[in-house]
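Enquirer: Sharing a structure with you now.
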Amino acid sequence: MLRRATPEDAGEVLTLQRAAYVPEARRYRDLDLPPLVQDLDDLTAELGQVLALVAVRGARIVGSVRGRVSDGVVAIGRLTVAPDCQGRGIGTALLTALESAAAPVARRATLFTGADSEENLALYRRLGYVEERRSWLGDSVQLVHLGKPLEGSG
């Protein structure tokens, strides 16, 4: 089940976020990735300000995604799925639901991931995202920025 996230979900979302990003930190040999150093107060405030969705299985949050709409573009971030639930379509469901929720006010969607995160890149490309540019996060992580037009935007 997918639903809107609330600030009350922050503790569980933060735990999920950290669990999901540890493999990325290992991949890039960087324990200071922003999702790993975000604190509970910051995340609680963020969930009250952005479009955020969670995937719930039973009583457990197993996935989350956030998006911020500005000037007709939804910037999607922190798509996370619990490591034991990956590969089951949860990330796809969250991403497409966020795109649909943003489409009434956003014409485009953008997101980024690490250049070595092949599974993430494959998912985004399968869902129609196209690489637009690359940048660096510190010295260790090359980011791939992707975007796509949203259907039904208006």
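Enquirer: Quick check for me: using +1 on Lys/Arg Cβ and -1 on Asp/Glu Cβ, what's the dipole size of segment 18-154 about its Cα centre, in debye to the nearest 20?
Expert: Details: 17 positive and 17 negative charges, 85 e Å.
Using Cβ point charges on Lys, Arg, Asp and Glu, segment 18-154 gives about 420 debye.
Enquirer: A further question follows. Which percentage, to the nearest 5, of the DSSP beta bridges contained in the chain is antiparallel?
Expert: On the way: 31 of 34 bridges.
Percentage antiparallel, nearest 5: 90.
Enquirer: Let me ask something else about it. Within a Cβ distance under 9 Å of Ser117, other residues only, what is the Lys/Arg minus Asp/Glu net charge? Mind dumping the intermediate values first?
Expert: Values: positive: Arg27; negative: Glu24, Asp116, Glu118, Glu119.
Value of the local net charge: -3.
Enquirer: Of all the Cα-Cα pairs you can form in segment 2-107, what percent are over 22 Å apart?
Expert: Numbers: 1592 of 5565 pairs.
For segment 2-107, the share of Cα pairs beyond 22 Å comes to 29 percent.
Enquirer: I'd like to know how segment 66-146 sits against the 2.2 N^0.38 Å rule of thumb: what's its Cα Rg over that expected value?
Expert: Values: Rg = 12.8 Å, N = 81, 2.2 N^0.38 = 11.7 Å.
Expressed relative to 2.2 N^0.38 Å, the Cα Rg reads 1.10.
Enquirer: I want to check the label-to-label distance for Ala59 and Asp71. Put each point 7 Å from Cα in the C-beta direction and report it in nm to one decimal.
Expert: 4.6 nm
Any read-out appearing in this document is the output of simple, stated calculations on the displayed coordinates, not a laboratory observation. Here the structure is a predicted model, which means the values were calculated and not measured. Glycine gets a Cβ as well: all are built from the backbone with ideal geometry, and neighbour counts include every protein chain shown.
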